[in-house]
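A.B. asks: The structure follows.
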Amino acid sequence: MHPAFQGLLTVVIGVGGCLAYYYFSNAFLDKVLFPPRGKNAGRNINRANMIRPWLFLAPALIALGLYLAYPVVETLRLSLTDRSQGGAFVGLANYSQMASEPKFWEALTNNFLWLLIVPAFSTMFGLLAAQLTDRIGWGAIAKSLIFMPMAISFVGAAVIWKLVYDTRPIDQDQIGVMNAIYLSLGGDEPQQWLTIPFWNSILLMLVLIWIQTGFAMVILSAALRGIPEETIEAAIVDGANPFQVFFKIKIPQIASTIVVVWTTITIVVLKVFDIVFAMTNGQWETQVLANYMYDKLFRANDWGVGSASAMVIMLLVSPILVWNVYNARKEMR
Amino acid sequence: MDNIAGTKSSLTWAVHLSVIILVGLWLFPTVGLLVSSFRTADQIATSGWWRAMFPAEQNLVLRTAAPAEQVQEGGLYVIEGNLFVEDGNPRPEATISVWGTSSRDVAAYEVGDTADMGEDGRITVAENGDYRLENDTEFEGRRGERVFVTAKTPPEFTLRNYQNVLFDPSNREGMAKAFFNTLTVTIPATIIPILVAAFAAYALAWMDFPGRALLIAAVVALLVVPLQLALIPLLKFHNEIGIGKGYLGAWMAHTGFGLPLAIYLLRNYMVGLPRDIIENAKVDGATDFQIFIKIILPLSFPALASFAIFQFLWTWNDLLVALVFLIDSTGETTVMTKQIVELLGTRGGNWEILATSAFVSIAVPLLVFFVMQKYLVRGLLAGSVK
C-alpha cells in the first residue's frame, strides 16, 4: 500500500474512530448503563455525569501517560540498569561512568553557556524589536519578517547559517558573508569559523537566537501594548525621557511576561538538538547534552549512560516545571 | 506613544533606521540561501551571492570550433566564430577583458591581440568573444583549441537546480520522495491530536469532577517534559507491540508529544467561552456530547487553528522523532530534514544542491506561516500571556 494512501486511511480511521468512540461510549452510558428513566432516574443522571468526564478524557490520558509520563519513569529505571548485563540493577554506575567522560562535562558546560546566552539575547532583541516596531507605520510588516525564522526548521536554519559561515581557500572569492566581511575588515586569511572552539558554540547559539527572537518579540509586543497609557503619560508629564519611560515604567510592568518568555526559550535551549547535530555534530567542543544523549543512545548503543544524560536534562527542566505548575495553580484559584 | 504629551520625538528617524537594520539582519541569511538556489554551481562557487545582482568577473575555459569547421582562404586555413556560442546556443552577453591560451597564464593577452601558438596557428580574440584562428597548414584533431578568458558576465539565474532536485527521477538524492514522506507524516500527525485534545479540553474546562485541578496541573507539567526522555522507552514499546519503525509509530509519537500543548491551549480558550450559551443549551436538554459537537467545537475554531499550525510546523520541521521512530535502515521513509542532514555530510560544498533542497523544505512552512500568521500569533499569546 502506498504510504500516502496509508496516511489518508489513517486520518479517516483515526478521526472516524475517535468520533465513533466518543459517540458510542456516551450513548452506551446514557441509553444502557444509566438511563435517565425509571425509578432511579435522578441517581442515574448523577452517576452518568460522574463517569462522563472520564470518557471524554480517556484517550488523551492514555496517550499522555504512555508517551510522556511512563517514559520518565522508564528512563529513570534504565539509567540505573545495565543493558549488557541483561538489565541488572547497577545503582549509580552509569552516572559515575558519565561523570568520568570529558565529553559529558564539555556538553554540560556548553549547555550552561547556551542557557545563559540564548534566552538573554533572544529576549533582549525581542524586546528591542517589539519596542521599535510598535512605533512605526510599517511595524506589522517588520514584525512578520523578524518572526519568519520561527517557521524555518532547525535543519533549514543550519543550512542557511552554514552558508554564512562558509570558508573558501584564500586565493578564491569568499562565498560566506562572515569571511567576506572578516577579510574586508583586514583579516589576513579566511577562518574555518565552526572549528574554532568557544566561538563556534557562540555561532551555533546565534542560529537559535535568530529563530527565537521573533517569538520573544510577538509576546513582548502584546505585553507592551497592554500597559495602561496613564502610567506612561504621567511619567512623560513628570519629565521622563523616552529611555526612562522604557526602563523605569514599561519594563517593570511587563516583568512577568519577560519571565515567561525567558523560561519558554530556556526549555527550547535545553532540548536543542537539530542545530548541533546538523552543523558540527558535537565536534570541535560544541557538544550539548541532547546531542550527547543521541550519540550515546544510537551510536554507542549505551542505553544506561544515554538514559542517565536524559535524566540530567530532565533535572535541569524540573525547576521550570515546578514553577509553571505553581503559577498555573495560583491562576486557577 | 511618545508624542502623547506633545513632544514629537526627534528619535523617529533613528527608530526607522534601526528597524530597517534589524529586519535587514534577520532577512539577510535567508535571502542568501534563496538567491543561491537560483544560481549555477559555477556562479555560487566563484562569487558571493550578494554579487549575484551585478555582473560578475569570471574565469572561463572556452573552446573554439572543431577543426572540421575550417575553411580555406587563399593559402590560409581559418576557423571563425564566437567563443561564447556553445553547441549553437549563445550565452548571455559577456565582455572579455583579458585572455590566454595556456592555463599557466590566463591573462597573457588583451582583447584584439593576436597570440602565436607556433604550429597550432595564430588566434585573435575580440571583446565580445569573436575569434579568428588561422594557420598555414591544415588544422588537425577532433576538438577545438582551448582559450582561457576573464570575462564579465551579466547576472544569470536558473531554475535548473529546482528541476534537478524535484523533478529528476534518476536523482537518488532528490527531494521529491522525501517531500511526500514528510507530507505523509505531517497530515495525520496534525489532525488526530486535535480531536483527542479537544474532547479532553472540554472535560477539563466545563465538566466538574474530582481530580480536575490535579489533571490540569499534570498537563502543565507534561508541557515541558523533554521528548528526549521518551525515545528509548517508546522505541522499546513500539518494538514490543510489533509496529517497529514506520509511519504508524511516528504518527503515534507526534500525537503523544503534541497533546499537552493542544489540551493546554484548547482548555484555556474554552474556559473563556460564555457560560450562558452552554447553560442554556443544557436547560434545553442538550447532552454534553451535543454541546461539544454543535457549540464548543465551532466556537473554538481560532484555538483549533492555532494549534493545528503549531503542530504542522513542528511535525514538518521535526528531525529527532523521524530519526528515532520513522526511518529504518532501508531509508525508504526518509523525510526532508533527514535528507538535508545527509546532504550536508556528503555534499557539503555543493551549495546549489543544498540551498535548493533546503528551500524546498522551507517553502511550505513559510507559506503556511505568512497565510496563517494571525492564528499563530493568537495561539502563542494564549499559551504564554495571561
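The values are calculated or read from the model by the stated rules, or taken from the named source; none is laboratory data. Please read all numbers here as calculations on a predicted model, not as lab measurements. Cβ atoms come from the backbone with ideal geometry, glycine included; neighbour counts cover every protein chain shown. Ligands, DNA and RNA are excluded from the accessible area calculation, which covers all protein heavy atoms including side chains. Shrake-Rupley method; radii C 1.70, N 1.55, O 1.52, S 1.80 Å.
A.B. asks: Which order, highest average first, do A:125-133, A:103-111, A:53-61 follow once you tally other Cβ atoms within 10 Å for each residue and take the mean per peptide? Walk me through the intermediate numbers first.
C.D. replies: On the way: A:125-133: 22.7, A:103-111: 18.9, A:53-61: 21.1.
Ranking, from highest mean packing down: A:125-133, A:53-61, A:103-111.
A.B. asks: Still on this model: How do the peptides A:192-198, A:275-281 rank, highest first, by the average count of neighbouring beta carbon atoms within 10 Å per residue? Show your work: numbers first, answer last.
C.D. replies: On the way: A:192-198: 14.6, A:275-281: 23.3.
Ranking the peptides A:192-198, A:275-281 by packing returns A:275-281, A:192-198.
A.B. asks: Could you report the buried accessible area between A and B, both sides summed, computed with a 1.4 Å probe and given in Å² to the nearest 100?
C.D. replies: Numbers: alone 20130 and 22560 Å², together 32810 Å².
Using a 1.4 Å probe, the pair buries roughly 9900 Å².
A.B. asks: Looking at this model, which pairs from A:Lys271/B:Lys294; A:Lys162/A:Lys296; A:Lys143/B:Lys338 are more than 28 angstrom apart at the alpha-carbon? If you can, show how the numbers build up before the last one.
C.D. replies: On the way: A:Lys271/B:Lys294 39 Å; A:Lys162/A:Lys296 26 Å; A:Lys143/B:Lys338 30 Å.
The pairs that break the limit, which is 28 Å between Cα atoms, are A:Lys271/B:Lys294; A:Lys143/B:Lys338.
A.B. asks: Report, by chain and number, residues whose modeled amide H sits under 5 Å from the one on B:Glu145, excluding near sequence neighbours (fewer than 5 apart, same chain).
C.D. replies: B:Thr64
A.B. asks: Here is a further query. Counting only C-alpha contacts under 8 Å and six or more residues apart, can you give the relative contact order of chain B as a whole percent? Numbers along the way, then the final one.
C.D. replies: On the way: 499 pairs, mean separation 72.1, N = 386.
RCO, chain B: 19 percent.
A.B. asks: Another one. For chain A, which whole-number percentage of the solvent-accessible area (1.4 Å probe, protein heavy atoms only) is attributable to carbon and sulfur atoms?
C.D. replies: Details: 10230 of 15230 Å².
Ligands and nucleic acids excluded, carbon and sulfur give 67 percent.
A.B. asks: Continuing with the same structure: Please state the shape class of segment A:190-333: rounded when a/c is under 1.5, otherwise prolate if a/b exceeds b/c and oblate if not, all from the C-alpha gyration tensor. Please report the intermediate quantities before stating the final value.
C.D. replies: Details: a/c = 4.07, a/b = 1.77, b/c = 2.30.
Oblate.
A.B. asks: Let me ask another. Along the charge dipole of chain B, pointing to its positive end and built from +1/-1 on Cβ of Lys, Arg, Asp and Glu, which listed residue (B:Asn280, B:Ala322, B:Thr114) has its Cα farthest out?
C.D. replies: Looking along the dipole axis, the top candidate is B:Asn280.
A.B. asks: Another question about this same structure. Skipping prolines and chain starts, which residues have an amide H placed within reach, meaning under 5 Å, of the one on B:Lys245, given they are 5 or more residues away or on another chain?
C.D. replies: Here nothing satisfies the definition.
A.B. asks: Stretch A:Phe198-A:Val322 to full length: gain in nm at 0.36 nm per residue minus the Cα-Cα span? Show your work: numbers first, answer last.
C.D. replies: Details: separation 124, 0.36 × 124 = 44.64 nm, distance 3.21 nm.
Net length gain for the segment: 41.4 nm.
A.B. asks: A follow-up question, please. For chain A, what class follows from the C-alpha gyration tensor (a ≥ b ≥ c being the square roots of its eigenvalues): rounded when a/c is under 1.5, otherwise prolate if a/b is larger than b/c, else oblate? Walk me through the numbers on the way to the answer.
C.D. replies: Numbers: a/c = 2.00, a/b = 1.28, b/c = 1.56.
Here chain A falls in the oblate category.
A.B. asks: Is there a simple number for the mean count of other chain Cβ atoms within 10 Å of the Cβ of residues in A:228-237, and what is it?
C.D. replies: Values: counts 0, 2, 0, 0, 4, 3, 1, 1, 7, 2.
Mean shielding count: 2.
A.B. asks: Per residue of B:357-367, what is the mean number of Cβ atoms on other protein chains within 10 angstrom of that residue's Cβ? Provide the component values of the computation, followed by the final result.
C.D. replies: Working: counts 2, 10, 3, 1, 5, 10, 1, 1, 6, 5, 1.
Shielding by partners across B:357-367 averages 4.
A.B. asks: A follow-up question, please. Beta carbons within 10 angstrom, averaged per residue: use that to sort the peptides A:297-307, A:148-158, highest first. It would help to have the intermediate numbers written out before the result.
C.D. replies: Details: A:297-307: 19.7, A:148-158: 24.5.
Those peptides, ordered most packed to least, come out A:148-158, A:297-307.
A.B. asks: So, in Å, what gap is there between the alpha-carbon centers of segment B:25-73 and segment B:337-372?
C.D. replies: 22
A.B. asks: Still on this model: Shape verdict for segment A:3-79, please, from the Cα gyration tensor: rounded (a/c under 1.5), prolate (a/b greater than b/c) or oblate. It would help to have the intermediate numbers written out before the result.
C.D. replies: Values: a/c = 5.67, a/b = 1.52, b/c = 3.72.
Since a/c reaches 1.5 but b/c is at least a/b, the shape of segment A:3-79 is classed as oblate.
A.B. asks: Continuing with the same structure: Tell me the per residue accessible area of chain A using a 1.4 Å probe; a whole number in Å² is fine.
C.D. replies: For chain A, the solvent-accessible area averages 46 Å² per residue.
A.B. asks: Ignore the peptide's own chain and count Cβ atoms of other chains within 10 Å of each Cβ in A:298-305; give me the average, rounded. Display every interim value, and only then the final one.
C.D. replies: On the way: counts 5, 0, 0, 0, 0, 5, 0, 0.
The per-residue average across the peptide is 1.
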